[in-house]
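The structure under discussion appears below in the form of structure tokens.
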Amino acid sequence: MIELSGIGKTYKLGSTEFPALIDVNLRVERNEYVALTGASGSGKSTLMNILGCLDTPSTGSYSLDGAPVAGLDDDGLARVRNRKIGFVFQSFYLMPRATTVENVAQPLIYRGLSPALRRKRAAEALTRVGLGDRLNHRPNELSGGQRQRTAIARALVGRPELLLADEPTGNLDSVTAEEIMRLLGDLHEDGLTLIIVTHDQGIASHCRRTIRLHDGRIVADSRRAPEPSSTEPA
């Protein structure tokens, strides 16, 4: 689903060039569950931004679902984001005066859907994350975990093929963080491709594959075997 070849990203700070990513080669298959880890400044957030079409590489090529992404103009990148990618962030970025269902329906405005269809799909997404009884609540009436569930529903409402989550449990207590990770695991089991940026090894351990970056390079790439089924053979 994702193929990066020779990806580099260099930022200029005055006359100084700062390489954030160096010769990154990466392939992610459909329905993988991947953690991007590394210390602050390792390049993981830059890589996430490139994967999410929020930034463009300085060098190299990026293909998403078989289509080249590197080289698209701003409108082309926006179309890819809107159609193929869902985003979840540490800070929930909910509109404080909008209801839960209005927050979740927001991305569908740019698809030209009718208000009734937008609300229907938003309600379905909220039900999927366990908030079917909170459609008309506002963010200040929700717990932190419910706000993040709302943000996940908003990421799902466009029926993306890829979900990118940047420190999705960073603002949550440990119990609520585990609940959110169980929800993300369920979405993976349903067939969604997930990539999570985290510095927390406990959060990364929920993922099936862990990629570690250091100084802009991938330095480790490990996979975890699926949990054995608890069902006894007949």
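The values are calculated or read from the model by the stated rules, or taken from the named source; none is laboratory data. Please read these numbers as outputs of a predicted model, since none were measured by experiment. Neighbour counts run over all protein chains shown; Cβ positions are idealised from the backbone, glycine included.
General remarks:
- Close pairs from segment 61-80: first over 19 Å from residue 194 (Cβ atoms), partner at pLDDT below 85 and surrounded by 12 or more Cβ atoms within 10 Å (Cβ to Cβ), Cβ under 8 Å, at least 6 apart: 61/70
- Breaking point among (1) within 30 Å of residue 113 (Cα to Cα); (2) under 16 Å from the mean Cα position of the chain (by Cα); (3) surrounded by fewer than 23 Cβ atoms within 10 Å (Cβ to Cβ), for residue 146: (2)
- Some residue of segment 206-228 being farther than 30 Å from residue 66 by Cα and in contact with a strand residue (DSSP E or B) (Cβ under 8 Å, 6 or more places away or on another chain): no
- Residue check, residue 44 over 17 Å from residue 86 (Cα atoms), charged (D, E, K, R) and buried (at least 22 other Cβ atoms within 10 Å of the Cβ): yes
- Among the residues of segment 1-22, those identified as out of contact with any Pro (no Cβ under 9 Å at 6 or more places or on another chain) and either crowded, with 19+ Cβ neighbours inside 10 Å or not in a strand (DSSP E or B) (or both) are 1, 2, 14, 15, 20.
- In segment 94-109, residue surrounded by the fewest Cβ atoms within 10 Å (Cβ to Cβ) [restricted to those that are farther than 14 Å from residue 159 by Cα and of a type outside the set (A, V, I, L, M, F, W, C)]: 96
- Enumeration of residues in segment 55-67 that are surrounded by fewer than 19 Cβ atoms within 10 Å (Cβ to Cβ) and either within 12 Å of the chain's Cα centre (by Cα) or not hydrophobic (A, V, I, L, M, F, W, C) (or both): 55, 56, 58, 59, 60, 61, 63, 65, 66
- So residue 123, is it surrounded by 15 or more Cβ atoms within 10 Å (Cβ to Cβ), among the hydrophobic types (A, V, I, L, M, F, W, C) and free of Cβ contacts under 8 Å to residues at least 40 places away in the same chain: yes
- For segment 179-234, the strands (runs of 3 or more DSSP E) that sit wholly inside it and include 3 or more residues that are within 16 Å of the chain's Cα centre (by Cα) and at pLDDT 95 or above are 193-197, 209-214.
- Out of 155, 204, sole residue that is surrounded by 20 or more Cβ atoms within 10 Å (Cβ to Cβ), touching a residue at least 60 places away in the same chain (Cβ under 8 Å) and under 25 Å from residue 123 (Cβ atoms): 155
- In segment 23-41, the residues that are buried (at least 23 other Cβ atoms within 10 Å of the Cβ) and among the small types (Gly, Ala, Ser): 35, 38
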